[in-house]
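Chemist: Below is one structure. I have some questions about it.
The values are calculated or read from the model by the stated rules, or taken from the named source; none is laboratory data. The shown structure was predicted, so the numbers you read here are calculated from the model rather than taken from an experiment. Note that we place each Cβ from the backbone using ideal geometry, even for glycine, and neighbour counts take in every protein chain shown.
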Amino acid sequence: MRIAASVCFFLMLCSGAWAKTPVFELEIRDHLFHPDELRIPANTKVKLIVYNRDSTPEEFESYELNREKVIMGGRKANIFIGPLAPGVYPFFGEFNPNTAQGRVIVE
Amino acid sequence: MLLTSVILVLREVLEAAMLVSVLLALSRHWQQSINWLWWSLPVGLVGAIVFASLLDVVTDAFDGAGQELANALLQGLLYCLILTIVVLSPSNASHKRLMSFLMAAVLSCAMIREGSEILIYVVGFASAGEHAAAVYAGSVIGAGIGVSLGVLLYSALRALSDDRIQATSMVLISLMGVGTIMQATLLLEQVDWLPAGRALWDSSWIVSEQSIAGQLLYAVFGYEATPSVLQIVLYTVCLSVMFGAHYFSVMRWGNLNEA
């Protein structure tokens, strides 16, 4: 389960000529992001699924990614990001900005 | 926790406070009743409570896109309401009741969006125990600063001369209205209902979105340091519609008044 939580990313099946949007997963536990670093391909749209395992709500927020979404306790949220240029894009939990910090590394 | 609460609540309150200041200044300028304020506050509050308590269900609707769709819808509604106010402004004297209703609706919409987030945060963390005092104190301070900034803007507008107050308020309210389109576009890109393109430019080296100036510009005009092509296109279209509609309305009512 921990392995699944840490670097859990899986490319959806490529059927025929067209590829589906890659999916990456993140968890919030004890106001921390697991993993706190996510590597995604450049110039590709990806789907981020963020699971909030805490009982308290959290808001996934990133100025660099232009994203913000409230995730209630014990729920999950889908967030599409990209296509992005290579670089580092920090994100944080607006309700716990001191601990809940992470970054998306586009390469 | 205290500082987090101050910043979070201030960010949310600021947007509604700026809107309401301009609307109040316009009401006063047009010598209309400001009763709309007193009944839009409870409506907005109830709306925010309902929205916050349904957010679980809303978020999962439309294959996980519900939260963004609901917010984008509220933003779009705000744009339409403000557009109507702007169009009716030259003939405000003959639309007093409608104008009051529109202003109340604008504030209610803004409160549902901003208020629900504050509620989710405050209820979520005040119940978590040890931080309750900090959350409450921070929220009160944040709301206080937001409201003070609103009062400041209102006073500044009221201090303008009669011929300037109308033009300034119109420009401000129009830009606030179009700013909602900026945010709505982002929300729809976030759930892949609109295609997200690469950022057209990066102006964060001039005004960072995290800075105080950036936060203010975001609250008032929907400022984005790294907007997409689609955002800029929609923004330009909606801005043109807003100013164009106002221009034609002024022409029409100006001619009627002269006739």
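Chemist: Any chance the stretch B:31-50 includes a residue that's touching a Lys or Arg at 6+ places or on another chain (Cβ under 6 Å) and farther than 30 Å from B:SER211 by Cα?
Modeler: Yes - at least one qualifying residue is present in the stretch B:31-50.
Chemist: Residue under question is B:ALA104, and the condition is that it be more than 18 Å from the chain's Cα centre (by Cα) and more than 21 Å from B:SER139 (Cβ to Cβ); does it hold?
Modeler: Considered against the rule, which asks whether it is more than 18 Å from the chain's Cα centre (by Cα) and more than 21 Å from B:SER139 (Cβ to Cβ), B:ALA104 comes out as no.
Chemist: Out of the residues in the stretch B:37-62 that are within 13 Å of chain A (Cβ to nearest Cβ) and of a type outside the set (A, V, I, L, M, F, W, C), state the one that is surrounded by the most Cβ atoms within 10 Å (Cβ to Cβ).
Modeler: Residue satisfying both the conditions and the ranking: B:THR59.
Chemist: Kindly provide the set of residues from the stretch A:89-107 that are surrounded by fewer than 16 Cβ atoms within 10 Å (Cβ to Cβ) and touching a residue at least 24 places away in the same chain (Cβ under 8 Å), ordered by number.
Modeler: Answer for the stretch A:89-107, where residues must be surrounded by fewer than 16 Cβ atoms within 10 Å (Cβ to Cβ) and touching a residue at least 24 places away in the same chain (Cβ under 8 Å): A:PRO90, A:THR99, A:GLN101, A:ILE105, A:GLU107.
Chemist: When the residues of the stretch B:63-82 are narrowed to those that are surrounded by fewer than 19 Cβ atoms within 10 Å (Cβ to Cβ) and modelled with pLDDT of 95 or more, which ends up nearest to B:VAL241 (Cα to Cα)?
Modeler: Applying the filter and picking the extreme gives B:CYS80.
Chemist: Please go through the stretch A:68-104 and give me each residue that is more than 10 Å from every other protein chain (Cβ to nearest Cβ) and part of a loop (DSSP other than H, G, I, E, B), ordered by number.
Modeler: The answer is A:PRO86, A:THR99, A:ALA100.
Chemist: Moving on. Which of the residues that make up the stretch B:203-259 are polar (S, T, N, Q) and in contact with a strand residue (DSSP E or B) (Cβ under 7 Å, 6 or more places away or on another chain)?
Modeler: B:THR226, B:SER228
Chemist: One residue is enough: does the stretch B:92-103 have a residue meeting the conditions at pLDDT 95 or above, under 30 Å from A:GLU68 (Cα atoms) and part of a helix (DSSP H, G or I)?
Modeler: Within the stretch B:92-103, one or more residues are at pLDDT 95 or above, under 30 Å from A:GLU68 (Cα atoms) and part of a helix (DSSP H, G or I).
Chemist: Need at least 3 residues that are more than 10 Å from chain A (Cβ to nearest Cβ), more than 19 Å from A:GLU68 (Cβ to Cβ) and touching a His at 6+ places or on another chain (Cβ under 7 Å) per element, so show me which helices (runs of 4 or more DSSP H) inside the stretch B:122-234 make the cut, counting only ones lying wholly within it.
Modeler: B:162-190
Chemist: Hey, can you tell me all the residues within the stretch A:16-60 that are surrounded by fewer than 19 Cβ atoms within 10 Å (Cβ to Cβ) and among the basic types (Lys, Arg)?
Modeler: Passing the criteria: A:LYS20, A:ARG29, A:ARG39, A:LYS45, A:ARG53.
Chemist: When the residues of the stretch A:41-55 are filtered to those that are more than 7 Å from chain B (Cβ to nearest Cβ) and among the charged types (D, E, K, R), which remaining residue is farthest from A:GLU25 (Cα to Cα)?
Modeler: A:ASP54
Chemist: Here's another thing I want to ask about it. Any chance you could count how many residues in the stretch A:56-67 are at the interface with chain B (Cβ under 8 Å from one of its Cβ atoms) and part of a strand (DSSP E or B)?
Modeler: The number of residues fulfilling the criteria is 2.
Chemist: With respect to B:GLN67, is the statement that it is free of Cβ contacts under 8 Å to residues at least 24 places away in the same chain and within 14 Å of another protein chain (Cβ to nearest Cβ) true?
Modeler: yes
Residue-wise test of (1) under 15 Å from the mean Cα position of the chain (by Cα); (2) β-branched (Val, Ile, Thr); (3) within 19 Å of A:LEU84 (Cα to Cα); (4) crowded, with 20+ Cβ neighbours inside 10 Å.
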residue	(1), (2), (3), (4)
B:LEU175	yes, no, no, no
B:VAL178	yes, yes, no, yes
B:TRP201	no, no, yes, no
B:ALA213	no, no, no, no
